[in-house]
Amino acid sequence: MFHRSWTQYNGGTSGGQLKVRDAFEHIKASESFVPQVYFNPETVWFDNPGNYWLPYRSEGLSSWAIEPTDLLFFAGHDWKILPPAVAAAPPVPIINIAQPRHTRPEDPRHLFLQYPAIRIAKSSLGKKILEDFGVNGPVYLIPDAIDFSQLPAAPVASDLDVLIVGLKNPDLATRLYKKLQWKNRWQRKNWKIAVQLPPKLPTRADFLALVNRAKIVVFLPLDAAHGAEGFYLPALEAMAMSKLVICPFAVGNIDFCIPDKTCLQPEYNERALRKAVVSALGMDSAAQQQLIQAGKAIAANHDIKLEKERLLKLLEDADKIWQDVSLFKTR
């Protein structure tokens, strides 16, 4: 049983919402489980075509009631649906997607890590951070994956040399764009550069179409000061679309953003990012293709069919895992 809730216009449109929705659909397509979703009464349904849960709005349960045969699937703030006493001693198994930033004391989801759950991490480093922190319960690695059928076809020609994806760091994105445009004008480079700033585009398809227009894509994920990323799917999707990716280290991207192999990975500051862009633009075609093809190859390992297999296997094993109290601090 799933629980979802949002009160803002872009609620239901985040990468986290996408992957929980994907989990719901993986389970829906299985023969062994029947997923159900409860939309908390505080949920506000905006007219937003980018909300991944819109197709399931009419399927939402009318009330929240845990049955003995249920398995709960939580992410983010879903724990709030349970009273503290129930969260501390759940009557049924709980699968919980947890992010490494949740281990920070200032994170509002920090307290949830004390509750028993079978947790899913999205990266090898994220798994290690959660385990080293000492979450209550075992941690399993299920990396995010791509539905390749949803990616746009390769363009006949790219109309952008560089795209800066700055939704999560608009101030730095703006500064970087201005510096590159200054160099563009004064050195007469004739680079075609664009920057994506808030607000978000209406749908994920619109975002992927924008990325598809560029040859080089600079991603500005959540930085360390904000807890970094659990995975960071946009950079992987760009690799799958044969883009030359520039992306700083963000914890969750450690397994696919491999410096100088699948991407360029400068320090997370304006000067280093600018130097990386200029370096990428100055590479010969062979050097660019070496990075691009390595990125495309590693992205191919993240097929959504594999994500589905791993998730369903974990669900099949959930009762056995839950019964092994030695895996939990408290139960």
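The values are calculated or read from the model by the stated rules, or taken from the named source; none is laboratory data. Please read all numbers here as calculations on a predicted model, not as lab measurements. Every residue, glycine as well, gets a Cβ built from its backbone with ideal geometry; the counts of neighbours run over all protein chains shown.
Numbers below:
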quantity: Where a residue in segment 103-120 is touching a residue at least 12 places away in the same chain (Cβ under 8 Å) and among the hydrophobic types (A, V, I, L, M, F, W, C) and its partner, wherever it lies, is part of a strand (DSSP E or B) and surrounded by 14 or more Cβ atoms within 10 Å (Cβ to Cβ), with Cβ under 6 Å and at least six apart; calculated: A117/I94; A117/N96; I118/I95; I120/I97; I120/Y140
quantity: Test: residue in segment 106-114 that is touching a strand residue (DSSP E or B) at 6+ places or on another chain (Cβ under 7 Å), modelled with pLDDT of 95 or more and surrounded by fewer than 22 Cβ atoms within 10 Å (Cβ to Cβ); calculated: no
quantity: Qualifying residue in segment 194-203 (condition: within 22 Å of Y9 (Cβ to Cβ) and of a type in the set (K, R)); calculated: yes
quantity: Close pairs from segment 212-237: first more than 15 Å from K296 (Cβ to Cβ) and at pLDDT 95 or above, partner surrounded by fewer than 21 Cβ atoms within 10 Å (Cβ to Cβ) and of a type in the set (D, E), Cβ under 6 Å, at least 6 apart; calculated: R213/D159
quantity: Count of segment 159-190 residues which are surrounded by 17 or more Cβ atoms within 10 Å (Cβ to Cβ), of a type outside the set (K, R) and touching a residue at least 24 places away in the same chain (Cβ under 8 Å); calculated: 13
quantity: Sole exception among (1) under 27 Å from A85 (Cβ atoms); (2) under 15 Å from the mean Cα position of the chain (by Cα); (3) without any contact (Cβ under 8 Å) to a residue 40 or more places away in the chain for L141, by number; calculated: (1)
quantity: Any hit, segment 44-63, residues being of a type in the set (S, T, N, Q), without any contact (Cβ under 8 Å) to a residue 12 or more places away in the chain, surrounded by fewer than 21 Cβ atoms within 10 Å (Cβ to Cβ) and not assigned by TED's automatic domain parsing to the domain that holds G252; calculated: yes
quantity: Elements of type helices (runs of 4 or more DSSP H) in segment 251-331, at least 1 residues being out of contact with any Pro (no Cβ under 9 Å at 6 or more places or on another chain), among the polar types (S, T, N, Q) and in contact (Cβ under 8 Å) with a residue 24 or more places away in the chain; calculated: 285-299
quantity: Strands (runs of 3 or more DSSP E) within segment 134-244 that include 2 or more residues under 30 Å from A117 (Cβ atoms); calculated: 139-141
